[in-house]
Every structure is written in C-alpha cells, then in structure tokens.
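K.L.:
The structure is given below, and queries will be raised subsequently.
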Amino acid sequence: MGQPNYTPNDIKPLPVALPLNEEGLAFYEKKYNRDYNQWTEILQKNVERMTKGDLSLHWMNTEGSSWGKRAKPSSRGLTYTDVNKLATSGKMEAETRWMNFAPRGSIREPYFDVMPVIEDYTVASRDELWADNVVTLYEEAVARQWSATRDIPWGELEPLPEDLEKASCQLFTFLTEVEFVAGDFPAKWLYRIPQDFLEVKSFLATQLMDEARHQEVFRKRALAGGGLLHASPGFEWALKAILDAPTHTMGTFLLNLLGEGLVLSIFRSGEMIAKTHVDKEIFRRTLQDEARHVSYGVLELKNYLDTHPDREKAVEEMHRFADVGEQIILTAFTESTVIEPVSILLGGGLDKIEQGLEGMLKVWAMFIEEYLQRCDRAGFNRRERCKIPIHAPW
Amino acid sequence: MKVATQRNGHFYIDDTCIGCGACDHACPGKVDAVFSVKDDFLGRFAIVIEECIDCGFCVPLCPVDCIHDARKEGIVEGSGGYTLIKELQAWAESR
C-alpha cells in the first residue's frame, strides 16, 4: 500500500522546553511533506490536467458497477434494509480490506493501491461486531430520538419529602455516573471499525447520543431536585472493567447485555420506583433507548458465537471473561448508593425501608433472571457458572 | 397484545417484549404491521394481525424470543425473567 514504516526510533524527542503541540506538528509535517508522498502525486496530476484544460470524466464510467438500479422506499421511508437489497449498496464481506473511507458499493477497486490506510481500523471481521438486528435497531433509534430539555415536563416537578428527594437524587446521581460509560465504550470502538460496517457504526453513534441524553436527563433531574449526591467506588470499578474489556464482543457483553440489562431492570421498575409523574416519564423514555442497546448486545454475542470457527473455545473464553465481569458488576450492584435509595423509593420513605428491601428482593431476582434469559438467547448458558447470587444477600 | 380470532397473519408478540423495536422496521415493502402499544409504560410492541403477511422477518431479530407463530406454537404466555415484573407490580399494588 506504499505506507512508510515508522519505528519508534524515527520519532526524535524534542527539547523539553518545546510545547507538546509543536512536537506533534513537526511529526505531522514530516509525515505529510516527506513520507506520505502519494497525495502530492495526485495533486500534481490534477494540476497538470487543469492547466491543460482537460476534463477527466472518468467518474461517469459505470463499468463494473450495478449503476441504474434505483432504491425504492418501504412503508417507513427509505431504510437501510431497503437500500441494502441492491447490489449497488455493496456486499458486506466477512473480512474487509478497506481501511479507509471509500464507501461500500462505490467504484473503488481501481484506487485501492493509492489510498491511505487508517491504522486505527483494527476490527476487520464482520462477526466481531455484527448483530442481525443492528439495521432495524438503528432505524428505530433514529425514529425515537427525544429531547431531555423539551420532552420532560420539568415545570411540573414538585418537591418531595426530604428522604424521598434525597433517595431520588442519589439514584439519579448513580445513573448519571454509570450512563456515560455506555457512551465512552462505543466511542472507543467506533473509531476502530472500518467504514464497510457502516450500519454498526451508525447504530453505535445512536447509542452514544442516547447515553449523552441519559446522562443529561439524570443530571438535570438531580439538580432540579436539590443536587447530585454521592459518587461510588464500586460503580467506578465496574465501569473501568467495561472500558478495559479486551475485545469488542466481550465489552459489549459486559456493557450491553449485563450492565445495561441491570439498568434496564431498574427502568422497567420505574413505575414503582418513581415518586413523581416527571420521574416516570424519565424512566419511560430512557427504558426504550436502553432496550435497544440491550437488544444489540444479545444478538451481537449470539452472532459471534454462532459464526466462530471454534465455538467451544469461544464460549469458554466468554465464560472466563464473564467470571470476572459478573463479580465486578456485582460490586456495583451491592453498593449502598443504589440498593438503599431504590429500597426507600419502593417502600415509600426511610421509615419504610424494610418493606422497600422486600421489593428490592424482587428487583434483584428480576435482574438475575432477565440476565440469564438474555444469555440463553445468545446461546451462552451462564446458569451453572453465574457469579452473581440468584437471591439477594439479605 | 393477544391474537384475535379473525386475522390474516399469525404472528404475535407476547407480554415479555422489552420494547427495543428491532421488529418495528422488519416488515417488508409496504407492509407496516408492528406498532408501539400506546401508553404502555414498558414500551412494548404488538402486531396488527390484519396487516401482518406472515413473512416472519421480525422473529429472528427479537432479543428475548417474544414473537411467536400461532400456527406452530398456539397462543403461549410469555415466560422467563421478563415475566417477573408482574411480581413486583403485584407487590406494589398490595401495599
């Protein structure tokens, strides 16, 4: 591909007194003025053609393409499903070699050797990120975006008794703390996924937007109710474990299938947890978003295991990862900063926390069973190995 | 969210739907049989049996296996973890 091979020795350290941005700029200049010379050849040809007054018009040549087939909309408009039926949309290969921005379906083969390579595109295998429902989930996500500023009736939020308000604000602090890992994780991987998997990249972009909105709505709710309360070390370790996951599939399992599944269980309980209709509206809207992320996680793991050339090995590796991940998620789920406020809200006050803990037992059981059901759906049986106790430890 | 007796299609969604909407955009062409149940807090979806053409495209997209073909399975209740919300709802109502 004509790319220069850099070694660490090529990068000469600049004097300490020199600002870092100058060092970076010098390295950039070196690369693009001296080593990446293919772009200057393209520029030179273009200038020569223009100087002569010639036209190229090579881009009107449709030989080798399926030009002429027109995409037709379905009942919901022109969806990715509609356009992907056409050969002109380009076939998604199991392994892509296109590590640049040349659109799938475009006439790009003649230019392969003179195009740059984005070194950070490392997830070249479709089956490390694909889920059969990712296209329709993307369409759904786009259709159901909402605004945390406009769509929540903030003006109708009435003050609660102090114990319930503090419990609400602690719960929303917890949710603020955990939500943005679900933005950072897809962001981390989005940049590693080549453009040929545009449907997955697009879905991950909606997940990022969803999580930005969730962080926003929970933060606003806490601040509208008195303020943010306590951050939690137990959550922090769980969130770090998600970001540090060694592969996209493993991290997606820990985030979407387990972590967001836990959060979805809380949102689904929102009718009982929320003490104001404003909070119910927040839970109602966020659970729809969260359900999409959980849904992608389940079928992504299923696809990964179903298509793996050595399924038994892949399953065992996932078990090893889940053995650790479940215990770290358990660390978060046992924090008093989530168990106690939810119990107070379920019970109806600090003086009714014992009753609330009975309700919390049911939330716990629901969370575990829902999680194990998702694993079953993905073809990943955790029932014998699950590290999270099926019954709450109280 | 149950199947009526007069219908064209035979697919239905049980009440363990989590509301992800993966099925909502699965209908082919001009068919649009899946809809979000109005005012349902859990955001569940249902199938308009008069609109459904039995293509079954939605079934493999569901993350919780809650879409069924009545011809093969009959009318079944949802099962598994996603039914446990009913126990929490019953507990809350009993207080």
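K.L.:
What dipole magnitude, in Debye to the nearest 20, does the range B:11-93 give about its Cα centre under +1 on Lys/Arg Cβ and -1 on Asp/Glu Cβ?
P.N.:
Taking the Cα centre of the range B:11-93 as origin, the dipole is about 160 debye.
K.L.:
Debye sum, Cα scatterers, the range A:233-388, no solvent: what log₁₀ I/I(0) at q = 0.16 1/Å?
P.N.:
Here the Debye-derived log intensity ratios amount to -0.89.
K.L.:
As I understand it, the dipole of chain A uses +1 on the Cβ of Lys and Arg and -1 on the Cβ of Asp and Glu, about the Cα centre. Which of A:277, A:253, A:92 lies farthest toward its positive end?
P.N.:
Farthest towards the positive pole: A:92.
K.L.:
Can you bin chain A into rounded, prolate or oblate? Criterion: square roots of the alpha carbon gyration tensor eigenvalues sorted a ≥ b ≥ c, rounded for a/c under 1.5, prolate for a/b above b/c, oblate for the rest.
P.N.:
Numbers: a/c = 1.97, a/b = 1.84, b/c = 1.07.
Note, shape of chain A comes out prolate.
K.L.:
Sort the range A:85-157 into rounded, prolate or oblate with this rule: let a ≥ b ≥ c be the square roots of the eigenvalues of the Cα gyration tensor; rounded if a/c is under 1.5, and if a/c is not under 1.5, prolate when a/b is larger than b/c, oblate otherwise. Provide the component values of the computation, followed by the final result.
P.N.:
Details: a/c = 2.74, a/b = 2.37, b/c = 1.16.
Cα axes put the range A:85-157 in the prolate bin.
K.L.:
Right, here's the next one. Only helical DSSP H runs with n ≥ 4 go in: add -39500 (n - 2.57) per run for chain A, normalise by residue count and round the 222 nm mean residue ellipticity to 500 deg cm²/dmol.
P.N.:
Mean residue ellipticity, 222 nm, calculated: -18000 deg cm²/dmol.
K.L.:
Per residue of the range A:72-86, what does 6.51 cos²θ - 1.76 cosθ + 1.60 with θ = phi - 60° give for ³J(HN,Hα)? Whole Hz please, x for Gly and Pro, Karplus curve as stated.
P.N.:
10, x, 9, 5, 9, x, 9, 8, 4, 4, 5, 6, 6, 6, 7
K.L.:
What are the ³J(HN,Hα) couplings of the range B:76-82, residue after residue, when phi is run through the Karplus curve with 6.51, -1.76, 1.60 and θ = phi - 60°? Round to Hz, x for glycine and proline.
P.N.:
Working through the residues one at a time gives 10, 7, x, 9, x, x, 6 Hz.
K.L.:
Just check the range B:1-75 against the gyration tensor rule for me: Cα atoms, a ≥ b ≥ c as the square roots of the eigenvalues, rounded for a/c under 1.5, and otherwise prolate or oblate depending on whether a/b exceeds b/c.
P.N.:
Rounded shape, in that the Cα axes give a/c under 1.5.
K.L.:
About the Cα centre of the range A:126-377, what is the dipole size in debye to 20, counting +1 per Lys and Arg Cβ and -1 per Asp and Glu Cβ, all else neutral?
P.N.:
It works out to roughly 420 debye.
K.L.:
Right, another one. How well do other chains shield peptide A:352-359, expressed as the mean number of their Cβ atoms within 10 Å of each residue Cβ?
P.N.:
1
K.L.:
Continuing with the same structure: Of the candidates A:144, A:49, A:383, which one comes out as most mobile in a Gaussian network treatment of chain A with C-alpha springs shorter than 10 Å?
P.N.:
In this elastic network of chain A, the residue with the biggest mean-square fluctuation among A:144, A:49, A:383 is A:49.
K.L.:
Enter the mean number of other protein chain beta carbons within 10 Å of the beta carbon of each residue in A:286-299, as an integer.
P.N.:
Shielding by partners across A:286-299 averages 5.
K.L.:
Principal axes first, then extents: for the Cα atoms of the range A:258-318, list largest minus smallest coordinate on each axis, whole Å, largest first.
P.N.:
Ordered largest first, the range A:258-318 gives principal extents of 51, 16, 10 Å.
K.L.:
Identify, among A:346, A:176, A:360, the residue whose Cα sits farthest towards the positive end of the charge dipole of the protein assembly as shown, taking +1 on the Cβ of Lys and Arg and -1 on the Cβ of Asp and Glu, with the dipole about the Cα centre.
P.N.:
About the Cα centre, the residue reaching furthest to the positive side is A:176.
K.L.:
If you rank B:59, A:298, A:123 by fewest surrounding Cβ atoms within 10 Å, what's the result?
P.N.:
Listed from fewest to most nearby Cβ atoms, that is B:59, A:123, A:298.
K.L.:
Once you place label points 7 Å from the Cα toward the Cβ at residue A:48 and residue A:32, how far apart are they in nm?
P.N.:
It is 2.4 nm.
K.L.:
Give the aspartates and glutamates whose C-alpha is closer than 20 Å to that of residue A:52, dropping any in the same chain fewer than 8 places away, or say none.
P.N.:
A:41
K.L.:
Taking the Cα centre of the range A:307-394 as origin, sum charge times position over the Cβ atoms of Lys and Arg (+1) and Asp and Glu (-1), and report the length of that vector in debye to the nearest 20.
P.N.:
The calculation lands at about 240 debye.
K.L.:
So what J values fall out for the range A:172-188 if you push phi through Karplus, 6.51 cos²θ - 1.76 cosθ + 1.60 with θ = phi - 60°, rounded to Hz, Gly and Pro as x?
P.N.:
Per-residue couplings from phi come out as 6, 5, 4, 5, 4, 5, 8, 5, 7, 5, 6, x, 5, 5, x, 5, 4 Hz.
K.L.:
Which pairs, out of A:31/A:201; A:166/A:188; A:352/B:86, put more than 26 Å between their alpha-carbon atoms?
P.N.:
Those over the limit are A:31/A:201; A:166/A:188.
K.L.:
A further question follows. Order the peptides B:37-44, A:302-309, B:63-70 from the highest to the lowest mean number of other Cβ atoms within 10 Å of their residues.
P.N.:
Highest to lowest by the protection proxy: B:63-70, A:302-309, B:37-44.
K.L.:
Which of the lysines could be linked to residue B:38 by a straight reach, that is with a Cα gap under 18 Å, when you skip same-chain ones fewer than 8 residues away?
P.N.:
Residue B:38 reaches A:280, B:2.
K.L.:
Right, here's the next one. Which of the lysines could a cross-linker bridge to residue A:313, judged by Cα under 19 Å and excluding same-chain residues fewer than eight apart?
P.N.:
Leaving aside lysines fewer than 8 places away in the same chain, those within reach of residue A:313 are A:302.
K.L.:
Which one of A:37, A:299, A:319 is farthest out on the positive end of the charge dipole of the protein assembly as shown, using unit charges on Cβ (Lys, Arg +1; Asp, Glu -1) and the Cα centre as origin?
P.N.:
So the residue we want is A:37.
Throughout, read-outs are computed from the coordinates displayed, never taken from laboratory work. Everything numeric in this text was worked out from a predicted model, so none of it was measured. Cβ coordinates were reconstructed from backbone atoms using ideal geometry, including for glycine residues, and neighbour counts include every protein chain displayed.
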